[in-house]
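> Take this structure first; my questions come after.
Throughout, read-outs are computed from the coordinates displayed, never taken from laboratory work. Quick caveat: nothing in here was measured; it's all calculated off a predicted structure. Don't worry about glycine lacking a Cβ; one is built from the backbone with ideal geometry, like all the others, and counts go over all protein chains shown.
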Amino acid sequence: MNDVPQGPASRRVDPAGLVIALALAALAAVLVWDASQLQSNNPYGMGPHAMPVVIAVGLGLLAIGNLIDAMRGNLPAREGADARAVWLILGGLALLIAIIGVGGGFILATTALFVTTSRAFGRRAVLADLGIALVLTTVIYLGFDRLLTLSLPAGPLERLF
Amino acid sequence: MMDTFAALAHGMAVAVQPMNLLYALIGVLLGTAVGVLPGIGPALTVALLLPVTYKLDPGGSLIMFAGIYYGGMYGGSTTAILINTPGESASMATALEGNKMAKAGRGGPALATAAIGSFVAGTIATIGLAFLAPWLVDFAVRFGPEDYFALMCVAFITVSATFGDSPIRGLTSLFIGLTLGLIGIDKLTGQARLAFGIPELLDGVEVTTLAVGLFAIGEALYVVSRRHHSEEKLEPVRGSLWMTREDWKRSWKPWLRGTMFGFPIGALPAGGAEIPTFLSYSTEKRLAKHPEEFGKGAIEGVAGPEAANNASAAGTLVPLLTLGLPTSATAAMMLAGFQQYGLNPGPLLFAERPDLVWGLIASLFIANVMLLVLNLPLVGLWVKLLAIPQPWLYAGILVFATTGTIAAKPSVVELSMLAGFGVMGFLMRRFDFPIAPVVVGLILGPIAESQLRRAMSISLGDPMALLQSPMSATLLAIALIALVAPFVMQGLGRFKANED
């Protein structure tokens, strides 16, 4: 006869859940702050700030809901993650953005993403993948450029065609 | 009644023009080829292939969409049967029985019953769509803005809270989507919201950027993070591709029953294909002569849920085309496809562009026939696509995913948003937040807000106007019940658990 109901297995506070709840509360605060910057010149009906405030209230309530879930340990069980592989792909994305940003062109940018992703999934033949990626992205570039007449950003490689 | 036949005949005349047939064929092939890749569901298939249709005229591009939509669905079931990784929860039942059949060397009949069942269900459901749509349009023209707003509230709640594992997590996803929908210039007053002075944000968040980030990049990050936990195994298709007389006998009733579950549930703003597929699965299990075969590869367990899945996909087109209301992530992507041409599905579109709407509906029939004729002979090709090694597969998916965004908006901000949504998709998968409500929230949120503001300016700011229309009052009550019900049920469940 316990007065506290004992739930299944893990009833420990989940720190990830606390972070989620905090992030939602922060998002709600940003919405309210942003809405307060708007001018309402509409005496009848709803101004542009009404909806953000409604959504912010919803987010605030959900932050509390997620907080309760986290306190009860209701978050799903998680297996360990291969963080190195995730960071490798994120690094590939960052490289892609940087190459597009400095005008390196579509082929080089997507090749970088292809090689890092393939490496993250366990391929070791980086040079072979580099070749495959160059061929694949060149074909995509020409397909978009010539067949669909959609222009993709051009860099040194693209200007060769 | 006669009007529908006339409109449909007119649509057929549009759809069978050689160019449009070609678009449908390309759509079906591309849709299947992309949909068959593991981890790519129909919503992502449509999102990835949107850029391909940028330069087409709206008619041709919507017809290609019809093909992509059905092709993506079919490709997904092939993956579920052959490698037991359902791209979406609606294919889970198919994966359950179909993969067992493939392991037992009956992959051919499993694929065949899925294909023919999809055809039967798709055709019946498209007929349902053709006859239901004009009726619903007549009804919907009388809707005021407050009724539309209330209807959208129902869709918001049912998509996020009512049927998921956790209403809190579903609603959290929805509200993140709604928040993203606020970003950009407010159309009524021209003021920027949540743009933080970044010019690229003034146009708002692109639905395709969000969907591709959440689904493609999020999925790739998730799969790579648990690379060492799960082993995917491709089952070769052995033995005959064709169904025996026994297989036919066991399949045709589940096809029809699955359609009966799928179409009405898909057509309700409740949306989602999970419920009809699971209803169909449990019904077939109960009615089967050999219920002990279930879990070991019963053909009824593939035939019924596959039919239900396809019928509900056609069903979700009913609220999408007649009310402009997307009730699944895939339907949200279709709506984005309309919006890229400045078209808003709804009663007006039926009146103003009947050629477009009916051409699309007619194309659904044609896409269905094409899938049936093409896919069984081409199954060998699809299996080869499935055999691409995982590193190249995901590297290729990410290259295609980013190519779409680079083609649409080659800016650092847009690409950073894509990567950010990818991280969000990864975290949401890891912590079991549903993805579809984010996409629906982003695309439907701004529409709901403008309807609400229109209603408020008509009523001079009196919020009671929402309750004075009997229609919107009823719908809001339904939304409230749909919101409270899962919490009550959860409470009951906990109460019961404590009793034990």
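> For the protein assembly as shown, what is the charge dipole size about the Cα centre, in debye to the nearest 20, if Lys and Arg each add +1 at the Cβ and Asp and Glu each add -1 at the Cβ? List each step's numbers first, then the result.
Values: 40 positive and 41 negative charges, 270 e Å.
Roughly 1300 debye, rounded to the nearest 20.
> At 0.36 nm per residue, and after removing the present C-alpha to C-alpha distance, how many nm does the segment from B:K253 to B:K409 gain when stretched out fully?
Once the chain is fully extended between B:K253 and B:K409, it gains 51.3 nm.
> Now for a separate question. How much FRET efficiency would the formula 1/(1 + (r/R0)^6) give for B:F196 and B:K103, where r is the Cβ-Cβ distance and R0 is 45 Å, rounded to 0.05?
Numbers: r = 53 Å, r/R0 = 1.18.
Given R0 = 45 Å and the Cβ-Cβ separation, E is 0.25.
> Percent relative contact order of chain B, based on C-alpha pairs within less than 8 angstrom and at least six residues apart? Walk me through the numbers before you get to the answer.
On the way: 915 pairs, mean separation 141.4, N = 500.
28 percent.
> Related question: Counting only trypsin sites (Lys or Arg not before Pro) that are in a DSSP loop and have at most 14 other C-beta atoms within 10 Å, tell me the longest site-free stretch of chain B. Can you show the working numbers first?
Numbers: sites that count: B:K55, B:R142, B:K187, B:K233, B:R238, B:K289, B:K296.
In chain B, the maximal stretch lacking such sites is B:297-500.
> Based on the Cβ-Cβ distance of B:V16 and B:D432, what FRET efficiency does E = 1/(1 + (r/R0)^6) give at R0 = 35 Å, to the nearest 0.05? It would help to have the intermediate numbers written out before the result.
Numbers: r = 46 Å, r/R0 = 1.32.
Efficiency, rounded to the nearest 0.05: 0.15.
> In whole angstrom, note down how far apart the Cα centers of the range B:1-57 and the range B:168-213 are.
29 Å
> Shifting gears a bit: With everything on Cα atoms, drop me the angle between helix B:329-339 and the longest principal axis of chain B, reported from 0 to 90° to the nearest 10.
Once rounded, the angle reads 50 degrees.
> For the charge dipole of the protein assembly as shown, defined by +1 on Lys and Arg C-beta atoms and -1 on Asp and Glu C-beta atoms about the Cα centroid, which residue among B:I366, B:L398, B:T316 has the Cα displaced farthest towards the positive pole?
Going by the Cα projections, it comes out as B:L398.
> If you average 1/r over all unlike Cα pairs in the protein assembly as shown and invert the result, what Kirkwood radius do you get in angstrom? Please list the in-between numbers first.
Numbers: mean 1/r = 0.0390 Å⁻¹.
Answer for the protein assembly as shown: a Kirkwood hydrodynamic radius of 25.7 Å.
> Now for a separate question. Between A:V54 and A:L127, what is 0.36 nm times their sequence separation minus the Cα-Cα distance? Round to one decimal in nm.
Gain on extension, A:V54 to A:L127, equals 20.9 nm.
> Sticking with the crude label model, points 7 Å out along Cα→Cβ, report the distance from B:Q339 to B:L188 in nm, one decimal please.
Those two pseudo-labels are separated by 1.8 nm.
> For chain B, with only Lys/Arg (+1) and Asp/Glu (-1) charged at the beta-carbon, what is the dipole magnitude about the Cα centre, in debye rounded to 20? Before the final figure, lay out the partial values.
Working: 30 positive and 32 negative charges, 200 e Å.
Dipole about the Cα centre, nearest 20: 960 debye.
> Would you mind pulling out the separation of the Cα centroids of the range B:241-304 and the range B:347-410, in Å?
Value for the Cα centre distance between the two parts: 25 Å.
> Relative to the present Cα-Cα distance, how much length would full extension add between B:D355 and B:R142 at 0.36 nm per residue of separation?
Length difference between fully extended and current span is 74.4 nm.
> Under 13 Å Cα to Cα from B:K55, which aspartates and glutamates show up? Leave out anything in the same chain fewer than 8 places away.
Answer for B:K55, where 13 Å is the Cα cut-off: A:D145, listed by chain and number.
> Further question: Consider a paramagnetic label point 7 Å from the Cα of A:V19 along Cα→Cβ; state which residues of the range B:410-447 have an amide N under 14 Å from it.
B:423-432
> Give, rounded to the nearest 20 debye, the magnitude of the charge dipole that the range A:83-160 has about its Cα centre when Lys and Arg contribute +1 at Cβ and Asp and Glu contribute -1 at Cβ. Could you put the intermediate results ahead of the total?
Working: 6 positive and 3 negative charges, 51 e Å.
Dipole about the Cα centre, nearest 20: 240 debye.
> Report relative contact order for the range A:83-160 in percent, whole number only (criteria: Cα-Cα under 8 Å, sequence separation at least 6).
Details: 83 pairs, mean separation 28.2, N = 78.
About 36 percent, as a whole number.
> Now for a different question. If you bin the C-alpha pair distances of the range B:2-488 every 20 Å from 0, what whole percents do you get?
Binned Cα distances yield the sequence 25, 59, 16, 0.
> Ok, one more. Cut-off under 18 Å on the C-alpha distance; same-chain residues fewer than 8 positions from B:K296 excluded. Which aspartates and glutamates are left, in chain and number order?
B:E97, B:E235, B:E246, B:D247, B:E284, B:E306
> If you don't mind, another one. How far is helix B:354-375 tilted, in degrees, relative to the longest principal axis of the Cα atoms in chain B, given as a value from 0 to 90 rounded to the nearest 10?
20 degrees
> Now, a different point. Past 30 Å, Cα to Cα: identify those pairs from B:K285/B:K384; B:K103/B:K249; B:K103/B:K285, in the order given. Show your work: numbers first, answer last.
Values: B:K285/B:K384 33 Å; B:K103/B:K249 22 Å; B:K103/B:K285 20 Å.
Those over the limit are B:K285/B:K384.
> What angle, in degrees between 0 and 90 and rounded to the nearest 10, separates the Cα long axis of helix B:412-430 from the longest principal axis of the Cα atoms of chain B?
60 degrees
> Right, here's the next one. How far apart, in nm, are the 7 Å Cα→Cβ label points at B:L241 and B:M464?
6.8 nm
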